[in-house]
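To start, the structure itself, in structure tokens.
What follows draws every value from the coordinates through simple rules; no lab data is involved. As the structure is a computational prediction, the values presented were derived from the model and not from experiment. A quick note on method: Cβ atoms are made from the backbone with ideal geometry, for glycine too, and the neighbour counts reach across all protein chains shown.
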Amino acid sequence: MRQTALILITLLISVVTSLPVLAAWQLDNDKSRLTFMSVKKATIAENHHFSKLEGHIDANAQVNINVDLASVNTNIAIRDERMKQFVFETDKYASATFNAQLDNAMLEALKAGDIKQLTVDGQLDFHGQKQAISMHVNVIKLAENKILVHTSQPFFIKADAFGVVAGINKLKELAALPSIDYVVPVSFSVTFVR
């Protein structure tokens, strides 16, 4: 009986100590930011961001990021509301998601302080459309239980590829602007912990 209990305890300890290797990396929203830039009147650029991100990298290095589109923050409340209503149509499309596959061996081989430059190919599901997206990122192992992933250069979202041109045109009309660009540069810096 005592030997069985000892074997069981040893087994539990080995399972618990191996969990960090198998555990998913969870996105830390407080230390993460997704930003995009808009250009109006051909010369006026403004930075915006989303306040609520969720996501993880699972044990197979599959990445899943979810962006709450209603959390858009342009620093102008009426513009936030108009973007939610006319561009994102958050009553129909509450979120945008990005999925990609990373190299699990590369992730596990990273040591604290290591930086890896990658090109990540994935799929963006936004406004009812799915499109392939390629981005250049740096993966930095900050600590044994923390990694930072950030774009080394912006990637671009084309409004016509995701069916949001009409919404941008509505914003342009409401704000009496001669133009708002249909190509939007996007950058991010996201921290994952486990």
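The table below lists the values:
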| quantity | calculated |
| --- | --- |
| Charge sum, other residues only, whose C-beta stays under 15 Å from residue 59's C-beta, Lys/Arg counted +1 and Asp/Glu -1 | -2 |
| Cross-link table 141/172; 52/130; 116/158; 40/130; 84/111; 92/146, entries beyond 32 Å C-alpha to C-alpha | 141/172; 84/111; 92/146 |
| Contact order relative to length of segment 22-193, as percent, for alpha carbon pairs under 8 angstrom and 6 or more apart | 26 |
| Segment 36-64-segment 84-131 distance, computed between alpha-carbon centres (Å) | 9 |
| Acute angle (nearest 10 degrees) that the helix 2-22 long axis makes with the longest principal axis of the chain, alpha-carbon atoms | 30 |
| On Cα atoms only, tilt of 165-174 relative to the major axis of the chain in degrees | 50 |
| Radius 15 Å from Cβ of residue 45, net charge of other residues (Lys, Arg +1; Asp, Glu -1) | +1 |
| Only Lys, Arg (+1) and Asp, Glu (-1) charged, at Cβ; segment 22-193 dipole about Cα centre in debye | 460 |
| Sorted by Cβ density within 10 Å, fewest first, the residues 111, 172, 141 | 111, 172, 141 |
| Net +/- balance of residues flanking residue 149 in space, Cβ distance below 14 Å, scoring K and R +1, D and E -1 | +3 |
